[in-house]
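J.: Here it is, the structure in full.
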Amino acid sequence: MAQNGDVITYTFSGSKESEDISDINSIEIQSMEGAVGGESYAPNQTQGGSGGVINNAVADVSSYSTLEIWVGEDPQSVSQNGSGGGWGRSNGGNGGPGGLGDEGAGGGGSTELWTNSNSVFIAAADAGGGGASTNSAGGGGGARGGAGGAKEGSGFTDAGGGNDAEGNGLGGDGADATTGNFGEDGAQELGIASGGTTTTGGSSDGDGEIKIEFLASLAPEAPTNLTATLSD
């Protein structure tokens, strides 16, 4: 059970984590990072996009008893050729098949916070899209909710197995194999959380991460627009 003043960092575990917040009235999301998209292992490979970042957002959780935590996975650790999407509340899309170990890389899995059996959305740091290479299909879309597969119209007859390579929510698009572009960066979404700062594509390399401070009091809303007046 989380106690007043606890600061807990959650890292990728491969499963949902739950925190008893019966004695907690508010949380401050000190930092929340989305997972990166995978990097393809092939000639002329491209990297995946970075995940979104949230800093110092606050949420009133006084009406809820359970915090549910998903920390998204960098698909680099799923498969050496990066074809599989990363795990998250919404998994990243798989990279499209290119043959001979030349697959596109999967998108990262989503990093998200919810309460009470997914009833209320708090915040998400969406993941980056996966990379591709010259002879591969497009990388899988980044989550929240990756679609997977190559982009339609990529020109590869063996690129099936998915829709367009774009994550739902604000996950980054997967790379297009015909252009060799990198996977696009993921963004971020706020539900009942507010304030703080958000950055598209600002995450560190690797899996997602969430750092939360638990408070028994209601934290003031973090300011978003500050002005300063200088006087003599």
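J.: Measuring from centroid to centroid over Cα atoms, what is the spacing of the range 111-126 and the range 1-29 in Å?
T.: Measuring centre to centre over Cα atoms gives 12 Å.
J.: For Gln47, list long-range residues whose amide hydrogen, built 1.01 Å from N in the peptide plane, is under 5 Å from its own amide hydrogen.
T.: Under 5 Å from the amide H of Gln47 lie the amide H atoms of Gly183, each far enough along the sequence or on another chain.
J.: Per residue of the range 206-211, in order, report the coupling 6.51 cos²θ - 1.76 cosθ + 1.60 (Karplus, θ = phi - 60°) as ³J(HN,Hα) in whole Hz, putting x for Gly and Pro.
T.: x, 5, x, 6, 9, 10
J.: Sort 184-192, 47-55 by the packing proxy (mean of other Cβ within 10 Å over each peptide's residues), most packed first.
T.: 47-55, 184-192
J.: Let me ask you something else. What residues qualify as long-range amide H neighbours of Gly186, i.e. H under 5 Å apart, gap of 5 or more or another chain, H built at 1.01 Å from N?
T.: Ser50, Gly51, Gly52, Gly128, Gly129, Gly172, Gly201
J.: Here is a further query. Gly104's amide H: which non-local residues (gap 5+, or another chain) put their own amide H closer than 5 Å, with H modeled 1.01 Å from N in plane and none for Pro or chain starts?
T.: Gly96, Gly98, Ala137
Throughout, read-outs are computed from the coordinates displayed, never taken from laboratory work. Model, not experiment: these values are computed from the prediction. Heads up, the Cβs are rebuilt from the backbone with ideal geometry, glycines too, and the neighbour counts pull from every protein chain shown.
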